[in-house]
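Chemist: The structure's right below; bear with me while I get my questions together.
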Amino acid sequence: MSAHAEDKSKTALVIHGGAGVIERNALSAADEKAIRADLDRALDAGNAILAKGGSALDAVEAVIVVLEDSPRFNAGKGAVFNAEGGHELDASIMEGHTRRAGAVAGVTTVRNPIKLARAVMERSKHVMLAGTGAEKFADTLPDIVRVPNTWFDTERRRKQLDDARAKKTTAIDVPGTYFGTVGAVALDQNGHIAAATSTGGMTNKRWSRIGDSPVIGAGTYADERCGVSGTGWGEFYIRAAVAHDICARVAYRGDAIAVAAEEVVNKVVPALGGDGGAIALDVDGNIAMPFNTSGMYRAWIKPDGSRGTAVFRDDE
């Protein structure tokens, strides 16, 4: 019998704000403090739901909404600019014990893409909607808040676009520079797991490029044993089906969540030429947060109530 089977009141929550090149000398004390504060606010939002017996699904959505509304992450308000000087947003959500999932890709006027992703899951017969079709679906939902595309603008992201244009590069040409994607995985009192991810993609991206964040099994996955949200070079996360591979190792081989996540993120992905990180959680509340970049914004609350936030490798 698992520890969780003995105590179903245990909950756990792990979140990320993206992996990438986050150097101590390039992150001011004020910025680091603000980022940690936003991670704590997101943790509080999700944990408040879990503590009251709420669902993991509600908890991960609440976390992502806080992070999407923060200008400090590459999701929602702080999303990066594409090559046309606009924003195209992606998000996905999955409930483990039912395997229900919803995702949107390339939306441009939805303030909180994670809410639309959940609506796709719960209020349509589909799993993923994209572009103008996803926007038309949002038109049918009065509770989905809409904003002009310029609402997502921030000066910091504008400068990143200007720099990329000057160098004639996209973020994909410079490994490790695409951090900021947000994600959450939660375990509720019923022993259910949910995972969610949201992103603005890559700076200076062209041709409506879509990465792993809205792809179920790549950037987001949950089943009855395991949940994962990824962050990194999306093309490789899609090719390696990273989120599903981690959970498959738990399900089929009985790997511990930490072993499975470490193997996929730090061996499989780099062997293909990619990099990044992930957060993962199992049904006993064990948490894994592997990454192979210099930093990953992350925070957690364990079943024993202990919590923390971290940016650099030696923070934990």
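Chemist: Expressed in nm to one decimal, what extension gain is obtained for the pair residue 159 and residue 28 from 0.36 nm per residue of sequence separation less their Cα-Cα distance?
Modeler: Roughly 45.4 nm would be gained on extension.
Chemist: Quick one: length gained pulling residue 190 to residue 207 fully straight, 0.36 nm per residue minus the C-alpha distance? Let's see the in-between values first.
Modeler: Details: separation 17, 0.36 × 17 = 6.12 nm, distance 4.27 nm.
Length gained, residue 190 through residue 207: 1.9 nm.
Chemist: Looking at the chain as a GNM with Cα springs under 10 Å, which of 183, 305, 76 has the largest mean-square fluctuation?
Modeler: Sorting by GNM fluctuation, first place goes to 305.
Chemist: Let me ask something else. With N set to the number of residues, divide the alpha-carbon radius of gyration of the range 172-316 by 2.2 N^0.38 Å and report two decimals.
Modeler: Its radius of gyration relative to the 2.2 N^0.38 Å reference: 0.98.
Chemist: Pull up the cross-link candidates among the lysines for residue 52, meaning alpha carbon to alpha carbon under 25 Å and not fewer than 8 places away within one chain.
Modeler: The reachable lysines, counting only those whose Cα sits under 25 Å from residue 52, are 8, 10, 115, 302.
Chemist: What accessible area per residue, rounded to a whole number of Å², is obtained for the chain using a probe radius of 1.4 Å?
Modeler: Per-residue accessible area for the chain comes out at 39 Å².
Chemist: Normalised by the residues of the chain, what does the relative contact order come to in percent, with Cα pairs under 8 Å and at least six apart?
Modeler: The normalised contact order for the chain reaches 25 percent.
Chemist: Quickly estimate the mean residue ellipticity at 222 nm for the chain, helices only: each DSSP H run with n ≥ 4 gives -39500 (n - 2.57), and the total goes over all residues, rounded to 500.
Modeler: Dividing the helical sum by the residues of the chain leaves -9000 deg cm²/dmol.
Chemist: Calculate the dipole size of the range 157-316 relative to its Cα centre from +1 charges on Lys and Arg beta carbons and -1 charges on Asp and Glu beta carbons; express the result in debye to the nearest 20.
Modeler: Result for the range 157-316 is approximately 900 debye, rounded to the nearest 20.
Chemist: As I understand it, the dipole of the chain uses +1 on the Cβ of Lys and Arg and -1 on the Cβ of Asp and Glu, about the Cα centre. Which of 89, 193, 233 lies farthest toward its positive end?
Modeler: Of the options given, the answer is 89.
Chemist: For the range 97-168, what is the convex hull (Cα atoms) projected area averaged across all directions, in square nanometres?
Modeler: The Cα convex hull of the range 97-168, projected and averaged over all directions, gives 6.5 nm².
Chemist: Let me ask you something else. Can you tell me how much longer the chain between residue 307 and residue 37 gets when fully stretched, taken as 0.36 nm per residue apart minus their C-alpha distance, in nm with one decimal?
Modeler: On the way: separation 270, 0.36 × 270 = 97.20 nm, distance 1.32 nm.
Result: 95.9 nm gained on full extension.
Chemist: Another one. Can you tell me the 0 to 90 degree angle between the C-alpha axis of helix 29-51 and the longest principal axis of the chain, rounded to 10?
Modeler: For helix 29-51, the angle is close to 40 degrees.
Chemist: Evaluate the distance, in nm, between pseudo-label points positioned 7 Å from the Cα of residue 125 and of residue 166 along their respective Cα→Cβ axes.
Modeler: It is 5.3 nm.
Chemist: Taking the 0 to 90 degree range and rounding to the nearest ten, how far is the long axis of helix 113-123 tilted relative to the main principal axis of the chain, both from C-alpha atoms?
Modeler: Its long axis makes an angle of about 60 degrees.
Chemist: Here's another thing I want to ask about it. Computed FRET efficiency, Cβ-Cβ of residue 271 and residue 100, R0 41 Å: what is it to the nearest 0.05?
Modeler: Numbers: r = 32 Å, r/R0 = 0.79.
Efficiency, rounded to the nearest 0.05: 0.80.
Chemist: Treating the Cα atoms of the chain as identical point scatterers in vacuum, please give the log10 of the normalised Debye intensity I(q)/I(0) at q = 0.06, 0.14 Å⁻¹, two decimals.
Modeler: Calculated log10 I(q)/I(0) at the listed q: -0.16, -0.96.
Chemist: Still on this structure, please answer the following. Measure nothing fancy, just the Cα-based angle from helix 155-167's long axis to the longest principal axis of the chain, in degrees from 0 to 90, nearest 10.
Modeler: Helix 155-167 sits at roughly 60 degrees to that axis.
The values are calculated or read from the model by the stated rules, or taken from the named source; none is laboratory data. All figures in this text were calculated on a predicted structure; none of them were measured in a lab. Don't worry about glycine lacking a Cβ; one is built from the backbone with ideal geometry, like all the others, and counts go over all protein chains shown. What goes into the accessible areas is simple: the full protein's heavy atoms, side chains included, and nothing from ligands, DNA or RNA. Shrake-Rupley method; radii C 1.70, N 1.55, O 1.52, S 1.80 Å.
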